[in-house]
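Working notes, structure below.
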Amino acid sequence: MDSEGRPSVADLRRYYADVGLSESELCADPFTQFGAWLDDAVRAEVVEPNAMVLATADVQGRPSARTVLLKGFDARGFVFYTNLGSRKGREATANPYAALTFPWFPLERQVAVRGSVEQVSADESEVYFRSRPRASQLGAWASRQSADLAERADLDARYARLQARWPEGTQVPVPGFWGGLRVVPTTVEFWQGRPSRLHDRLEYRREPDSATGWRVVRLSP
């Protein structure tokens with residue numbers, strides 16, 4: 001126990017099951033492998049299996065991280081949507097590199113992605129925006145994401161004004177300051193917990209000249 005009567009952080013640990021991950025089990029490309037693991041997380045009823053920690057950095061290299069939701073992935077990369085004027089939006093524009101981590105703790109798994117960032121097309125952003133609940137569409141307009149907010153009442157009032165501006169039955173336009181960002185990976189690591197902290201870590205590295213476009217490397221735990 002620490003001085004406040006809570007368990008010592010240094011003594012908190014989890015003992016992992018002896019379930020390994022071998023090279024022979026992997027799919028030919030990281031996106032197919034990711035899809036298989038994501039399906040496992042959904043079947044295991046992991047809370048918000050598409051939640052991922054997104055790390056960006058400003059032009060001075062000062063990092064920031066937050067949890068966002070994956071909203072699409074394919075052979076081009078991993079997509080999320082945001083206010084482009086938010087901290088993550090500004091940093092991804094000024095310093096277009098990012099890292100993602102999917103922490104699937106109940107499965108004793110993680111997926112870690114590193115790569116460059118590009119903006120998705122306006123058409124693709126609009127398709128996703130139209131799929132969002134109306135309240136979320138209005139919320140995208142109401143929130144000046146990452147900007148200082150004097151009090152909650154200001155945000156609620158702005159939202160109410162937008163409800164009046166676009167009443168039920170009218171289409172909410174896509175904000176010009178809102179859109180999708182795609183992390184185009186150069187590496188994708190699949191991490192499986194093992195006993196004694198001797199975890200399995202298999203990393204796909206982009207290699208355009210190879211047959212699949214990727215090479216798999218085992219990393220020390």
Please state the charge dipole magnitude for the range 48-144, taken about the Cα centre, from unit charges on C-beta atoms (+1 on K and R, -1 on D and E), reported in debye and rounded to the nearest 20. 300 debye
Can you compute 3J(HN,Hα) from phi for each residue in the range 57-65, using the Karplus curve 6.51 cos²θ - 1.76 cosθ + 1.60 with θ = phi - 60°, rounded to whole Hz and x for Gly and Pro? 9, 7, 5, 8, x, 7, x, 8, 9
Roughly how many nanometres apart are two label points built 7 Å out from the Cα toward the Cβ at Arg144 and Ser131? 3.1 nm
Cα-based shape type of the range 29-140, given that a ≥ b ≥ c are square roots of the gyration tensor eigenvalues and the cut on a/c is 1.5: oblate
For a quick check, take a GNM of the chain with Cα springs below 10 Å and name the residue from Leu149, Leu26, Leu100 with the largest mean-square fluctuation. Leu149
Add +1 for every Lys or Arg and -1 for every Asp or Glu among the other residues with Cβ under 10 Å from the Cβ of Glu203, and state the total. +4
Please report the net charge: other residues with Cβ closer than 12 Å to the Cβ of Asp18, K and R +1, D and E -1. -1
Which listed residue (Phe102, Thr82, Val47) has the Cα farthest towards the positive end of the charge dipole for the range 28-174, taking +1 on Lys and Arg C-beta and -1 on Asp and Glu C-beta about the Cα centre? Thr82
Along the Cα-to-C-beta direction of Ser196, a point sits 7 Å from the Cα; which residues of the range 12-49 have their amide N less than 20 Å from that point? 13-23
With springs only between Cα atoms under 10 Å, which of Tyr204, Tyr81, Tyr16 fluctuates most in a Gaussian network model of the chain? Tyr16
Relative contact order (percent) for the chain, with alpha-carbon contacts under 8 angstrom and 6 or more residues of separation? 24 percent
Taking only the Cα atoms of the range 107-157, how large is their convex hull per residue, in Å³? 195 Å³
Answer in debye to the nearest 20: the dipole magnitude of the chain about its Cα centre, from +1 Lys/Arg and -1 Asp/Glu charges placed on Cβ, is 500 debye
Treating the beta-carbon of each Lys and Arg as +1 and of each Asp and Glu as -1, no other charges, what is the dipole magnitude of the range 131-221 about its Cα centre, to the nearest 20 debye? 160 debye
Per the helix-only calculation at 222 nm, which mean residue ellipticity applies to the chain, given -39500 (n - 2.57) for every DSSP H run of n ≥ 4 and division by its residues, nearest 500 deg cm²/dmol? -7500 deg cm²/dmol
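No lab work stands behind these numbers, since they all come straight from the coordinates. For clarity, every value in this text was computed on a predicted model and none was experimentally measured. FYI the Cβ positions are ideal-geometry reconstructions off the backbone, even for glycines, and counts take in every protein chain you see.
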